[in-house]
Amino acid sequence: MSQFAPEPDRVLIFDTTLRDGEQSPGIALNTAEKLEIAQQLARLGVDVIEAGFPISSPGDFEAVQTIAREVEGPVITGLARAQAPDIDAAWEAVRDSERPRIHTFISTSDIHIEHQLQSTRDDVKGQARAAVAQAKSFADDVEFSPMDATRADVEFTAEVVQIALDEGATTINIPDTVGYAMPDEYGAMLRRLYELVPDLRDVVLSVHCHDDLGLAVANSFAGVLAGARQVECAVNGIGERAGNASLEEIVMLLRTRRADVGLDTSLVTTELARTSRLVSRLTGYVVQPNKAIVGRNAFAHESGIHQDGVLKERTTYEIMDATTVGVEANSIVLGKHSGRHALRQALEQLGFRVEGQALNTAFKRFKELADKKKTVTAMDLEALVTDELRDEITAGYTLDWFDVEASSRRPPHARVSVVLPDGTTGEGTFTGDGPIDAVFHALNGATGVDARLREFNIGAVTEGQDALGEVSVIVEVDGQTGSGQGVATDIIEAAARAYLRALSIARERATIVAERGPDSLPAPLASAP
Ligand code: KIV
Ligand code: ZN
């Protein structure tokens, strides 16, 4: 049996958080942040990490290459259009991985062929053949996707799939690119492809569904029931437009109904909640409270009848145990007497290797927090370390100090000092509509950057009055957006940190676009899927 043949009862998880997910508006992860997420995805046990789209920008190339070199375990793949320079770039970026894959695609729907590619079906066949052959000359493991397949003529898609298989593709992925399919229809289409292309049975059939009609997970599941053994999905369901199938939902669906469906993944599900939090923090995309599996309320019971039932017997109103997705994995508790060694051990248990100066900074922030809060939990530590990590990797403006006068009798006034990228400091003052508005405008003054707030979200890391506050913002500078999050016991400080990070990213992107043009950025991608 070929090493690429599907296993009958195992579904592979292909995570595209760093590629399709990163194409969400406002998300702009840099290499260090992508590496952090990739390392967590490896801990979670995903089978494949789609680390980016190497041809799209030097930044994306560097991120994919770094992940390929440093992340062990999963297959690492990079996306490539069915064009020679894309495939060269994808191979250069992934070749140092212990398990490299090239993922190439071209549309098979007439809408795309006529209007986007301005080409013909014959050309598409030729390009698919050449692309897979070229990819195969570099890598054993090659995935091919006929884009917009769910709106294409299935007979034509089958012809193109057959060509890809003839040239040696080892995974065939059938994208519902615009989230148009319905579960029965999608399942039937995959069954029809199996009939038209019997060779499909020797490779892994994959599904890639978008959530425009809220059916991405249902369609992916229908695909699995029809025989697909790889699901492409993203943490928290992020991705183009309405996003991709949510990784945690499809994984827990298969795990929870394993006895009935007879299929499972090999994911370490206790890492799901943590992965979700990390992706949310680094992307600035807040998880809605009622989101299945990882939402704050996914395991909360509000009604008295439900609470009563759960207290008597958990399974009365819970189909999953929260600990299986890591929601209550909050066992590490430190207090103000805990030392540096205990902190380092706790961080190691959480998967963070923190040494030297980074440990000193983490320890300082831990002590400040422990002075304000009786106990410091795993979730607090995780939030603090991720917050510090952002400063290390966002080369830009950092908060020095702030003063805010807030009163219900006069307009709030803020004064701030910011450490500028050249190491000097700048000050700004503003009298605004509210204390946070005043701080944000004062930060604009201190940095000399005219940033505009687009989104603002505020939450708490844990429960209780002394909880760490967490703020995430999206700002715009000269048409470019950036997202940032900040964590602190003082919510104004958290907001200021988040704002400065978002401003630093948006300003850097605006500078790149001004100097090198819009194609120099990884997202949004002019001709991307
Ligand atoms: O949605 C899509 O069609 C894609 C492909 C590149 C797989 O993202
Ligand atoms: Zn997609």
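The values are calculated or read from the model by the stated rules, or taken from the named source; none is laboratory data. Everything quoted here is computed from the prediction, not taken from an experiment. With ideal geometry, Cβ positions are generated from the backbone for all residues, glycine too; neighbour counts draw on all protein chains shown. Just the protein is used for accessible areas: all its heavy atoms, side chains included, with ligands, DNA and RNA removed. Shrake-Rupley method; radii C 1.70, N 1.55, O 1.52, S 1.80 Å.
With respect to residue 217, is the statement that it is open to solvent by 10 Å² or more (accessible area, probe 1.4 Å), within 16 Å of ligand 2 (Cβ to nearest atom) and part of a helix (DSSP H, G or I) true?
Considered against the rule, which asks whether it is open to solvent by 10 Å² or more (accessible area, probe 1.4 Å), within 16 Å of ligand 2 (Cβ to nearest atom) and part of a helix (DSSP H, G or I), residue 217 comes out as yes.
Looking at segment 30-43 only, could you name the residues that are touching a residue at least 60 places away in the same chain (Cβ under 8 Å) and out of contact with any Asp or Glu (no Cβ under 6 Å at 6 or more places or on another chain)?
Once the filter is applied, which keeps residues that are touching a residue at least 60 places away in the same chain (Cβ under 8 Å) and out of contact with any Asp or Glu (no Cβ under 6 Å at 6 or more places or on another chain), segment 30-43 yields 30, 32, 33, 36, 37, 39, 40.
Can you tell me which of 38, 32 is among the aliphatic types (A, V, I, L, M) and at pLDDT below 95?
32
Of the residues 443, 453, which single one is among the hydrophobic types (A, V, I, L, M, F, W, C) and in a strand (DSSP E or B)?
Every option except 453 fails the conditions.
Only one of 39, 3 is in a helix (DSSP H, G or I) and of a type outside the set (D, E, K, R). Can you tell me which?
Sole residue among the options that is in a helix (DSSP H, G or I) and of a type outside the set (D, E, K, R): 39.
State yes or no: is residue 21 within 16 Å of ligand 1 (Cβ to nearest atom) and either more than 14 Å from the chain's Cα centre (by Cα) or crowded, with 20+ Cβ neighbours inside 10 Å (or both)?
The answer is yes for residue 21.
Give me the pairs: first residue in segment 228-240 and among the polar types (S, T, N, Q), second residue assigned to a loop (DSSP other than H, G, I, E, B) and open to solvent by 10 Å² or more (accessible area, probe 1.4 Å), beta-carbon distance under 7 Å, and six or more apart or on different chains, which are they?
Between residues of segment 228-240 that are among the polar types (S, T, N, Q) and residues that are assigned to a loop (DSSP other than H, G, I, E, B) and open to solvent by 10 Å² or more (accessible area, probe 1.4 Å), the close pairs are 236/285; 236/287; 236/294.
Can you name every residue in segment 407-423 that is in a loop (DSSP other than H, G, I, E, B), open to solvent by less than 70 Å² (accessible area, probe 1.4 Å) and either of a type outside the set (A, V, I, L, M) or within 16 Å of residue 494 (Cβ to Cβ) (or both)?
The answer is 407, 412, 423.
For residues that are within 15 Å of residue 449 (Cβ to Cβ) and of a type in the set (Ser, Thr, Tyr), tally how many sit in segment 398-416.
1
If I ask for residues that are within 16 Å of ligand 2 (Cβ to nearest atom) and of a type in the set (S, T, N, Q), which ones from segment 158-179 would you list?
171, 173, 177, listed by residue number.
Looking at residue 53, is it among the aromatic types (Phe, Trp, Tyr), surrounded by fewer than 24 Cβ atoms within 10 Å (Cβ to Cβ) and at pLDDT 95 or above?
No: the conditions fail for residue 53.
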